[in-house]
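One structure is given here, and the rest of the page talks about it.
The values are calculated or read from the model by the stated rules, or taken from the named source; none is laboratory data. Note that the coordinates shown come from a computational prediction; the quantities given were computed from them, not determined experimentally. Ideal geometry is used to build each Cβ from the backbone, glycine not excepted, and the neighbour counts take in all protein chains shown. Surface accessibility is based on the protein's heavy atoms, side chains included, excluding ligands, DNA and RNA. Shrake-Rupley method; radii C 1.70, N 1.55, O 1.52, S 1.80 Å.
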Amino acid sequence: MSLIWTLAIRGLTLLGVLFVVLIMLVVALGATGFSDRMLRAIIGEEVRGLRTSLAQTIRDPDQLEATLEARRRDLESFYGLERPWYSRLPSMVLRVVKLDLGSARTLRSFDGSSRVTDLVLERLPYTMMLITTASVITAVLGLWAGVKLATRAGTALDRLSSYLSAVSYAVPAWWAGILLILLLAFRLHLLPAGGLYSTPPPEGGLARFLDLLWHAVLPIFTLVAVSLGAWVYTVRTMVLNTAQEFFVTVARAKGLPEGRVMRRYILRVASPPIVTNLVLGLAGSLGGAILTETVFNWPGMGRLFYEAIITADENLVVALTFMFTLLYVAARFVLEVLYVALDPRIRYGSRT
Amino acid sequence: MNPRDVTQVLLSTGSGRVGAVFLTTLVLVSLFVLIRFPLDFGPTRWNNPASWADNPKAAAPAWTRLWQGNQAIGHRVYQSQEPSASTPLADLEQRTYTFSYDYGGGRAPTLMALSVVDVRFASRPTVLTLQVRRPDGRTLTLYQTVVRGPREGETPPYLRFQDAPLRVNLSSDGDAAARVREFYAQQMGVALTVEALQGRITHAVFGTPIEGAPGQFQPLPGAYQFTLTAVTGASSDVIGNVKLVMGGSVYGVMGTDTLGRDLALGLLFGFPVALTIGIATSVFATIIGASLGMLSGYMAGKTDLVIQRFTDIWSNVPLLPILIFLIFILGQKLWLVVVLMILFGWPGLTIVVRSMVLQLRSGQLVEATQALGASKVRIMFRHLLFQIAPFIFAQMIFFTPGAILAEASLSFLGLGDPSIPTWGQILENGFRTGAVYVGYWWWVLPPGLLIVVTAMTFVLLTLGLEPVVNPRLRENR
Amino acid sequence: MRQIVLEVRDLRVSYHTPSGDLPAVDGVSFSLAQGEAMGLVGESGAGKSTMALALMRLLPRNVSMLEGGIELEGRDLLGMDEEAFRHEVRWQKMAMVFQGAQEAFNPVVRVGEQIAEPMVVLGGMTKAAAGAEALRLLGVVRLPGEIIQRYPHELSGGMKQRAVIAMALAMKPRLLLLDEPTSALDVTVQAQIMDQLKELKQELGLAMVFITHDIALASDICDTIGVMYAGKMAELGPAEDVLAKPQHPYTRLLLASLPRLSQDAPPQFIPGSPPDLRMPPRGCRFHPRCPQVFGRCILEEPPLLGVGEGHESRCWLAEDRP
Ligand SMILES: Nc1ncnc2c1ncn2[C@@H]1O[C@H](COP(=O)(O)OP(=O)(O)OP(=O)(O)O)[C@@H](O)[C@H]1O
Ligand code: SF4
Ligand SMILES: [Mg+2]
């Protein structure tokens, strides 16, 4: 019972986050007149489409204009343009949620569509690929190195790594990316500087896939490099803290081998707080993805975000802000479930 | 702990000391900039192309000559208010301005520009001629103009080039090209095509033709004497300032960008901006966060619950996307970035301070004070604040780099405030114009490095403050 | 015939601290036979837990000195290789119920698993067999079997204490070290647990070291009692003798401090506090607090002097006796 209750509370909080963000989006859009402009653009587009199709059937230009004007007025009242913006809040929220924001100004999807939905959904997998791979690598490396350092706490290596993790916190992802491009792509010609595939892309499924991986190396490396420091430091601290717990001594007293003590008594117990930290770092890695994609011209949602800003494409900016929030909330929830699964103190009964 | 003790503990650690040295440097540079730079440096200087016209474009820092050797050529600016010689010439007066330029024979100057400011004449318009005497003894006339005569209804003295100078970029001027062609035809017997001189005027001026290779020039090293001759109608006529620029391939301490902007100036201006962003954001976010945390922790019940729920939601808003969106919609203003960072930055502290207050509240100190009958608010602020102040202070320092980094990220995404140059914006310019891809490292490395060092400063200070926050560490050392 | 299980000879343990070395156990010797229980009593800081941890070889990292001899069934424990000690002695020959049982369990692993774990890992039992054995052990300490499926935070303090005892019995050890196994519990639960310990002692023939600062509690179960003061054994002897005819002034004070229902006199507290072990007083360590102190006590430290059959006292007063 309490398990469901705990998860429900977390879920509600996250829904609250989504709601707050949505409200912020539509209020900012409404109050600044952006939403009016967006709607007029949608209507204008529709009327233009109508004109070309009607031009064949209605020959009389006056009648055509009158019909179109009537249609425009219909649409305007349908979208509620004659009412003040705040009375349109619910319908606006709905449109943002459905990414039904009309079309992008200049950007096109790979198959030529300019619909915001198409564009965003098309880019989503590339972003997911980058974020998930980088997160997994960071987690594995972070765990390994964190545990290693915890067993060597106080040594020179340990102190060095705490400084390195401070540096990794202070280095912006995008700058690190630029450095890597300068060094590895332009000085040493080791790796491609950006993009998805080589030009021309290699033939054949496997070759293409390998080419994609080859292009993903630098972006992923960048993402890992800027978040690894914090990870290592967290794991190390949590492991050290847990290792001082009394039950670890008891486990040793029980004659259990060191490896088992580390796994079951230290890592296992330290994992909920490590997950908590992962949760806290999530927003950061999402932001990191936006910037890294921009630097490496990786055609995910982050790069799209940048392009939307540069071309001042309001519809896209709104859609992407929402999508990133959604992505964040979803990932948060997965981690919350993981956290609850890892910690029986929450799974059953109250937090102590 | 009082501030003196905090400082003492801070300075007792290695990272604290390094952080303190860095911070002092940052503050001193910022103060220097605030005193020396105009506050409207952004719009009037940095983003005003006219003020950088005479600089070489995308030039590496001057010190790269250490390894570039003869390949690089320095930037020369000759200026003069007074003529080197003045000779009467019938009823006229001839003034000459002479500049000597030593050409080493490597790269030709990247730019050759003449500017004249503030010309006044009483009756006859001034005639200006620029000639250069080459090491081979030949003299080449590069430029000649007659200052515009009186307009209808204009009364003497006639003022010219008061607001905007007379400026000719001889290295790309069509008239100058024609004169060079004439010079080559008459004095060397070489007919140069217009194309051959395209973008190579300086090569021709500082070289001799290579036979069989039209459009190629053999550098002619030696002393070049540039003479600007001004023929005026009266000795009372004025020529305010004469300036001749021989563009280098390297420039200044930090080089220039593709607009010729002196990067050193932009980077310097970034110091106070970064510090202001960081400190303003962290101070206000800390004040809000700590107050709400204390309120929440101290007032149990409804107040606590409401604050807690709200903080929980607010702290989970993914910062960067929202920041991008709001700045995009509401406008690219630096103050707005700071306000938004404050608005989204406080919840973390609220959560921690609340739990600390809860711990302390059960402590005897507050209970004892309560028994003595002190008012609730006073207990809260006197005792609790006193206890958690060092911690809040450390949190404030820790929060500072976040704000600086966030502003840099926004700038990098093209959402910087155009009226205030920042390190992030310099980097963004470099990135967007492809500086990364053509290897203009001096454009992208220093601003990034400055961001990192500034952020590191506060991280180091935070590390140094650990013993203040965590008394156990203090004793064990 | 007494079959000696544990023999401790002149054990010394010092901790390294920022303000100098701290000899927490300073030359303690005793022996323990099968089926026998020894009570180790003394004020807080006397070095009781340090002694137990030294037996288990679980001393914290900042130990600066560990000397003396510990023999378990004739095997030298201190000289043993760490891996062999872990593999052959810990929990199988000698188990311990730690002071602070409330934190002895891993919070994220079920209690049953934690009890059964050494049987699987060290004893090579199947999980099912180990689970059944864990269930049986819970029965021994009078805990309901369903506890096996519970997480530590779902158990009350008393339940945890019993579960910890069950866990210590898992490998059928010959020697059980009990470090204040009941101090956090209320009197009824304490009495129940003491009864169970007595049963275990009789039925399994366990040797026990029972650490407590409650000398009355020790007298309930122990055959011999050792009174520790400032890292040294102050008095050691058969339980009845020590209780009935305490020889050391400190033991007498300890006994006098017990609340007794039958007497009208209120319990007396021992004045003063234990010495700082980094700078122990010269002569007898107890002399600053001793009501019977005399000249010699301040100059010379008394050795353990025989005062009866297997009864010794570290006090100059004992010398006067025939
Ligand atoms: N890890 C350690 N580092 C330094 N000193 C220690 C350490 N552990 C214990 N001590 C010191 O050693 C002395 C003996 O401690 P010990 O825990 O053995 O006492 P105890 O008799 O078990 O007391 P209690 O009845 O409170 O459990 C004490 O003075 C204590 O302060
Ligand atoms: S030796 Fe002296 S001081 Fe020590 S216990 Fe005996 S009488 Fe007291
Ligand atoms: Mg103890």
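Worth pointing out:
- Around the Cα centre of chain C, unit charges on the Cβ atoms of Lys, Arg, Asp and Glu (plus for the first two, minus for the last two) sum to a dipole of about 320 debye.
- Among A:161-172, C:36-47, B:211-222, the peptide with the highest mean count of other Cβ atoms within 10 Å heads the list, and the full ranking is C:36-47, A:161-172, B:211-222.
- Separation of the A:Arg268 and B:Ser84 label points, Cα + 7 Å toward Cβ, nm: 9.0 nm
- Surface burial for A against B, with a 1.4 Å probe and both sides summed, reaches about 4200 Å² of accessible area.
- Label-to-label distance for A:Thr106 and C:Leu78 is 8.3 nm, based on points extended 7 Å past Cα in the beta-carbon direction.
- Mean accessible surface per residue for the range A:116-342, computed with a 1.4 Å probe while every protein chain stays in place, in Å²: 39 Å²
- Extension gain, B:Gln162 back to B:Gln68 (0.36 nm per residue minus Cα-Cα distance, nm): 29.8 nm
- Accessible area (Å², 1.4 Å probe, nearest 10) - A:Ser87: 50 Å²
- For the protein assembly as shown, the list of Cys residues with no other Cys C-beta under 4.7 Å reads C:Cys222, C:Cys290, C:Cys315.
- Paramagnetic label reach from C:Gln192 (point 7 Å along Cα→Cβ; backbone nitrogen cut-off under 12 Å): within the range C:138-168, residues C:141-144, C:156-163.
- Along principal axes, Cα extents of chain C, largest first, whole Å: 67, 50, 45
- With only Cα atoms counted, the range B:134-258 has Rg and Dmax values of 18.1, 57 Å.
- Projecting the Cα atoms of B:Thr258, B:Val352, B:Phe398 onto the dipole axis of chain B, where Lys and Arg carry +1 and Asp and Glu carry -1 at the beta carbon, places B:Val352 farthest toward the positive end.
- Part-to-part distance (alpha-carbon centres) for the range B:56-91 and the range A:1-37, which is given in Å: 62 Å
- Per-pair calculated FRET efficiency, R0 = 22 Å: A:Ile4 and B:Arg309 via Cβ, rounded to 0.05: 0.70
- Once the 1.4 Å probe is applied to the protein heavy atoms, the range C:107-171 comes out at 35 Å² accessible per residue.
- Counting Cβ atoms of other protein chains within 10 Å of each Cβ in C:97-110 and taking the mean gives 5.
- Between C:Asp220, C:Asp21, C:Asp186, the GNM of chain C built on Cα springs shorter than 10 angstrom shows C:Asp186 fluctuating the most.
- Shielding by other protein chains, B:78-86, mean Cβ within 10 Å: 0
- Chain B, helix-only ellipticity at 222 nm - DSSP H runs n ≥ 4, -39,500 (n - 2.57), divided by all residues, nearest 500: -15500 deg cm²/dmol
- Among A:Val295, A:Val250, A:Val317, the residue with the largest mean-square fluctuation in a Gaussian network model of chain A, with springs joining Cα atoms closer than 10 Å, is A:Val250.
- Accessible surface for B:Leu89 stands near 80 Å², nearest 10, in the context of the full protein assembly shown (1.4 Å probe).
- Cβ-derived FRET efficiency at R0 35 Å, B:Thr7 paired with B:Phe32, nearest 0.05: 0.90
- Chain lengthening between A:Leu121 and A:Leu188 when straightened (0.36 nm per residue, less Cα-Cα): 20.6 nm
- Out-of-range pairs (alpha-carbon distance over 19 Å; input A:Lys148/C:Lys127; A:Lys254/C:Lys93; C:Lys127/C:Lys198; C:Lys198/C:Lys232; A:Lys254/C:Lys232; C:Lys93/C:Lys201): A:Lys148/C:Lys127; C:Lys127/C:Lys198; C:Lys198/C:Lys232; A:Lys254/C:Lys232
- Taking Cα centre as origin and charging only the Cβ of basic (Lys, Arg, +1) and acidic (Asp, Glu, -1) residues, the dipole magnitude of the protein assembly as shown rounds to 820 debye.
- DSSP beta bridges in chain C [antiparallel fraction, %, rounded to 5]: 65 percent
- Within the accessible area of the range A:2-97, the carbon and sulfur atoms contribute 64%, probe 1.4 Å, all protein chains present.
- Relative packing of B:398-411, B:72-85, which averages over residues the other C-beta atoms within 10 Å, highest first: B:398-411, B:72-85
- The largest accessible area among A:Asp343, C:Asp195 belongs to the first residue in C:Asp195, A:Asp343, and the rest follow in falling order (1.4 Å probe, all chains).
- Share of Cα-Cα pairs in chain B lying beyond 42 Å, as whole percent: 41 percent
- Degrees, to the nearest 10: B:302-314 long Cα axis against longest axis of chain B: 30 degrees
- Look at the stretch A:17-25: the mean tally of other chain Cβ atoms within 10 Å of its residues' Cβ atoms is 4.
- Exposure rank, largest accessible area first [B:Ser15, C:Ser49; 1.4 Å]: C:Ser49, B:Ser15
- A convex hull fitted around the alpha carbon atoms of chain A yields 203 Å³ per residue.
- The accessible area of B:Phe393, taken with all protein chains in place and a 1.4 Å probe, comes to roughly 90 Å².
- FRET efficiency estimate (nearest 0.05) - Cβ-Cβ, C:Arg61 to C:Glu199, R0 45 angstrom: 0.75
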